[in-house]
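As structure tokens, the structure follows; a few thoughts come after it.
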Amino acid sequence: MMNNDWKKAILEATPQLKEFESTGIYTAEMEKNLGIEYHDKMETGSILRSLKDQKFHLSYWETPYYEKAINTFIDGVENAEGKIAADIGCGDGRFTELLLDRGYNVIALDSHIQPLFDLSQYAEKNGMSDRLMVIHGSADSLPIPSDSLDVALAIGVFYYLNENFEKALGEAHRVLKPGGILVNSEPDIEGATFKSVILDEIEDLLENLEQRRFKEGKGKTEFKFRLFTKEDMKGHLDAAGFEFLDYHGLSLLPSILRIKTSRGEFSLEELEQKEDQVRNVFDYFDTNGSLHKHVIWNSRKR
Ligand SMILES: C[S@@+](CC[C@H](N)C(=O)[O-])C[C@H]1O[C@@H](n2cnc3c(N)ncnc32)[C@H](O)[C@@H]1O
């Protein structure tokens, strides 16, 4: 197959995709949902790839643990070359490059256009454009043909869709080939509840447990999103037609450290001097901890 034939095949099968103002980014109509509403309030959208290089940003601490888990979960997919993977809710592509590096042709999709411009330019500069197709679209109505992907990644995305969560999971199932691998990460009820306790937010604590909702953002960008127990998520995956394979919990500690640092309760200078020791502590809890902020799920389309 010529380099771009895989993109042509997707465009032929998905007539609703239109090129956005000669940018090389394709766009499809979307219905508003809470995930879109929340992120649209951020001018830049999600730029966690750029922020992982900013020392002591949460993305700086957490990204290596996500990468380790994602790599482990997709290790079993043989001969990635020529296969198609999607990074659903990719933002500026924090994990898109990981998929490209492994040899996949990659569809990177997000509902916020801004980080997609950034990702597109980054791919162009780094000679990755032939194997990357950037799509502005929504996770609950993917403009991607059925049974076309070997891997679908959705890191920190589906829970934002709240009542459309099940629809998004169903869409990931539709676009994967039978046997295709899904890796999705969602917030964990134990971590959110523990965080409310130590940050003295009793209202949030009750809401976590009673309504299975938690607060994200502040002021006019404060929203309540879905929260899951590990049993909830196993049930959702099963109901959507996935076979549960494994999960990896992402430690809550970096998130607490980040909040305390931004509140001035933890000194940046001291953190800088002790960075290696702090990293060792986080490494230890990544392997041995059980208090999870998010859980990264690994399942297979039945
Ligand atoms: C927490 S960020 C994660 C970004 C990226 N996966 C990462 O880990 O760096 C959540 C992303 O989901 C996107 N998003 C929210 N609702 C969406 C929807 N309905 N369809 C597609 N993307 C959505 C946001 O625009 C944002 O880029």
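Please treat every number below as a calculation from the coordinates, not as lab data. What you see is a predicted model, and the numbers here were worked out from it, not measured in a lab. As a convention, Cβ positions derive from the backbone with ideal geometry for all residues, glycine included, and neighbour counts pool all protein chains shown.
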How high is the relative contact order of region 127-272, given as a whole-number percent (alpha carbon pairs under 8 Å, six or more residues apart)?
19
Gaussian network model of the chain, springs between alpha carbon atoms under 10 Å - residue of Asn126, Asn184, Asn33 with greatest fluctuation:
Asn126
Please work out whether region 43-135 counts as rounded, prolate or oblate from its C-alpha gyration tensor, where a ≥ b ≥ c are the square roots of the eigenvalues and a/c under 1.5 means rounded, while otherwise a/b larger than b/c means prolate and anything else oblate?
oblate
Which lysines, if any, have their Cα less than 19 Å from the Cα of Lys234, not counting same-chain residues under 8 positions apart?
Lys167, Lys293, Lys301
Can you pull the Kirkwood radius for region 104-193, inverse mean 1/r over Cα pairs, to one decimal in Å?
14.2
Using the Cα atoms of region 5-301, I'd like the radius of gyration and the largest Cα-Cα distance, Dmax, both in angstrom.
18.8, 56
Nearest 20 debye, what's the magnitude of the dipole of the chain about its Cα centre given +1 on Lys and Arg Cβ and -1 on Asp and Glu Cβ?
220
Once exposed loop GluC sites (Glu not before Pro) are cut out (DSSP; at most 12 other Cβ, 10 Å), longest piece of the chain:
82-221
Normalised by the number of residues in region 153-197, what is the relative contact order in percent for Cα pairs under 8 Å and 6+ residues apart?
55
Neighbourhood net charge (10 Å Cβ-Cβ; Lys/Arg +1, Asp/Glu -1) for Leu199:
0
Euclidean distance of C-alpha centroids, region 44-86 and region 177-234, integer Å:
21
Could you tally the net charge around Leu98, taking each other residue with its Cβ under 10 Å from the Cβ of Leu98, Lys/Arg +1 and Asp/Glu -1?
-2
What residue among Pro254, Ile144, Leu205 has its Cα farthest toward the positive end of the dipole of the chain, where the charges are +1 on Lys, Arg and -1 on Asp, Glu, each on the Cβ?
Ile144
In percent, what relative contact order does region 5-301 have, based on Cα pairs under 8 Å that are 6 or more apart in sequence?
18
Projected area averaged over all directions for the convex hull of the alpha carbon atoms of region 156-302, nm², comes out at 10.0
May I ask which of Lys83/Lys215; Lys32/Lys220; Lys18/Lys177 have a Cα-Cα span longer than 27 Å here?
Lys83/Lys215
Among DSSP beta bridges whose residues both lie in region 5-301, state the antiparallel percentage, nearest 5.
50
Per-residue ellipticity at 222 nm attributable to helices in the chain (runs of n ≥ 4 DSSP H, -39500 (n - 2.57) apiece, nearest 500 deg cm²/dmol) works out to -12000 deg cm²/dmol
